[in-house]
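As structure tokens, the structure follows; a few thoughts come after it.
The values are calculated or read from the model by the stated rules, or taken from the named source; none is laboratory data. What you see is a predicted model, and the numbers here were worked out from it, not measured in a lab. All Cβ positions, even for glycine, are placed from backbone atoms using ideal geometry, and neighbour counts span all protein chains on display. These area figures cover heavy atoms from the full protein model, side chains too; ligands, DNA and RNA do not enter into them. Shrake-Rupley method; radii C 1.70, N 1.55, O 1.52, S 1.80 Å.
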Amino acid sequence: MPGGVSSPVRAFGSVGLDPFFASRGVGPRIFDAEGRGYLDYVLSWGPLILGHAHPVVVDAVQRAAADGMSFGACNSREVELAERLAEWVPSVEVVRFVNSGTEATMSAVRLARAATGRDLLLKFEGCYHGHADSFLVAAGSGVATLGLPNSPGVPDAVSALTVTVPYNDLEAVDAAFARHGDRIAATIVEPVAGNAGLIAPRAGFLSGLRERCTQGGALLIFDEVMTGFRVARGGAQERFGIAPDLTTLGKVVGGGLPVAAYGGSRDLMKWVAPAGPMYQAGTLSGNPLGMAAGLAQLDELERLDPFDALETAAADLVEGIVAAARARGVPACGQALGSMWGVYFTEGPVLNFDDAKQVDTEFFAKHYRACLERGLFFAPSAFEAGFVSTAHTSEDIAETVASVGDALDRATGVA
Ligand code: KE4
């Protein structure tokens, strides 16, 4: 296995450690191969909004498995989960299920190109939309963590179809449209950027994108693979009141199993085969176990309505970490949006990828190791967002803040 991992972000190289081996997860905790428990703020990079092995999700998957692992045919759970997404996500009327966020975003871009007859894609530096060729240009997440200058293997002819501009910079968007206007098929954006730490859209940024795409004849794609069901029940489009043309979803929608989706208006989704000519397919798309897990997770979220409590927990965590850092003379800034959060060890504000890259990654690594020793499992990179779940109690948050303080003493050489 290259680097010993199934995905580069799990390599732990950037924090000077060997890959973490998980043996199990229970509620807010993940356990290593030696059985030691850690308070988990990665939560499988977002999916586990109810925490690990929530009984309603486990039970739903066990029952589904007893009826068969996969059919390669329609099953009623697909329709039920599609109806939930159409109900929960304001701009979505029709969805297609796929097996990863990458599949969702690459399919949404193909659909935008088909529907507009245009080729260019506009994306933002530091945003990560999965590993399809079009996206590996100035990407965030693992590409940034590993310091990869884009990626070999992506032909120049393909990279040339992706235009990148700084996040939160509408002037740069205007310049891109002025230069390429009638060739831009779509603008794809993380409405809250969670793959360069956590960068919030500045006031007017998302509405500005909406206006410019409408005026320019390009489609607006909200990549809500991470923000969906996290920054609000209906995602960032509900929180900020912006209607994208297409939305991509993943992570939470699968309850920890490989499920993602893309969707939009009936008119746009009519392009997708077999309804229309734009081809996209998948052997395990709509897999009955994944559908069961997603349905169970969304229905439990509906029952609990935990969104305000999740934001409070994330905000308390960020406030505690930033205060602990500043009390020790370590510059820090951060914020929480719904159950996503991010802290940077820098004065801030962090408004784009260049700002985020100012962080001291050496100090981050030292602090990370000290936190892990104290039973805290954070994302092993300064270029990732953190998460909380309904399983994290206020005592867990308080314990985390105290441990972060101890880790800061260690990292700053005080202890
Ligand atoms: P996947 O193909 O990894 O399921 O999803 C790609 C993707 C698309 N869009 C957004 C906004 C995403 O955050 C992601 C994946 N996120 C990373 C972590 N930030 C996945 C972790 C990994 O690469 O292992």
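Quick notes on this structure:
- Residue-level accessible surface for VAL42, protein heavy atoms, 1.4 Å, Å²: 10
- Hz values of 3J(HN,Hα) by residue in segment 125-142 - Karplus curve (6.51, -1.76, 1.60), Gly and Pro given as x: 4, x, 7, 10, 10, x, 9, 5, 3, 4, 9, 7, 10, 6, 8, x, 6, x
- Rounded to the nearest 10 Å², the accessible area of GLU78 at probe 1.4 Å: 40
- Normalised contact order of the chain, rounded percent, pairs of Cα under 8 Å and 6 or more residues apart: 23
- Count of Lys pairs (Cα-Cα under 28 Å; at least 8 positions apart or interchain) in the chain: 6
- Mean Cβ neighbour count within 10 Å, used as a protection proxy, ranking 343-352, 118-127 highest first: 118-127, 343-352
- Helical contribution to [θ] at 222 nm, DSSP H n ≥ 4, -39,500 (n - 2.57), averaged over the chain, rounded to 500: -11500 deg cm²/dmol
- Dipole size of the chain about its Cα centre, with +1 on Lys/Arg Cβ and -1 on Asp/Glu Cβ: approximately 620 debye, rounded to the nearest 20.
- Taking the average, over residues, of other Cβ atoms within 10 Å as the packing measure, peptides 221-231, 376-386 rank 221-231, 376-386 from highest down.
- With DNA, RNA and ligands ignored, accessible area of HIS180 (1.4 Å probe; Å², nearest 10): 30
- Ellipsoid equivalent to segment 55-303 - semi-axes via the Cα gyration tensor, in Å: 30, 19, 18
- Apportionment of accessible area to carbon and sulfur, segment 68-223, percent (1.4 Å): 53
- 10 Å-binned pair-distance histogram of segment 69-162 (Cα, whole percent): 14, 36, 29, 20, 1
- Ratio of the Cα radius of gyration of segment 1-135 to 2.2 N^0.38 Å, where N counts its residues: 1.33
- Antiparallel %, DSSP beta bridges [both residues in the chain], to 5: 60
- Projected onto planes of every orientation and averaged, the convex hull of the alpha-carbon atoms in the chain covers 19.1 nm².
- Per residue, in Å², the accessible surface of segment 55-303 once ligands and nucleic acids are set aside, probe 1.4 Å: 38
- Spin-label pair LYS270/MET69, simplified geometry with 7 Å Cα→Cβ offset, distance in nm: 4.0
- Note, ³J(HN,Hα) from phi for segment 384-396, Karplus 6.51, -1.76, 1.60, rounded to Hz, x at Gly and Pro: 9, 8, x, 9, 10, 10, 5, 7, 7, 8, 5, 5, 4
- Alpha carbon centroid spacing (whole Å) that separates segment 189-261 from segment 375-399: 22
- Distances between placed amide hydrogens fall under 5 Å for ALA260 paired with VAL98, ASN99, SER100, all partners being 5 or more residues away or on another chain.
- DSSP-defined antiparallel bridges as percent of all bridges, segment 55-303, nearest 5: 40
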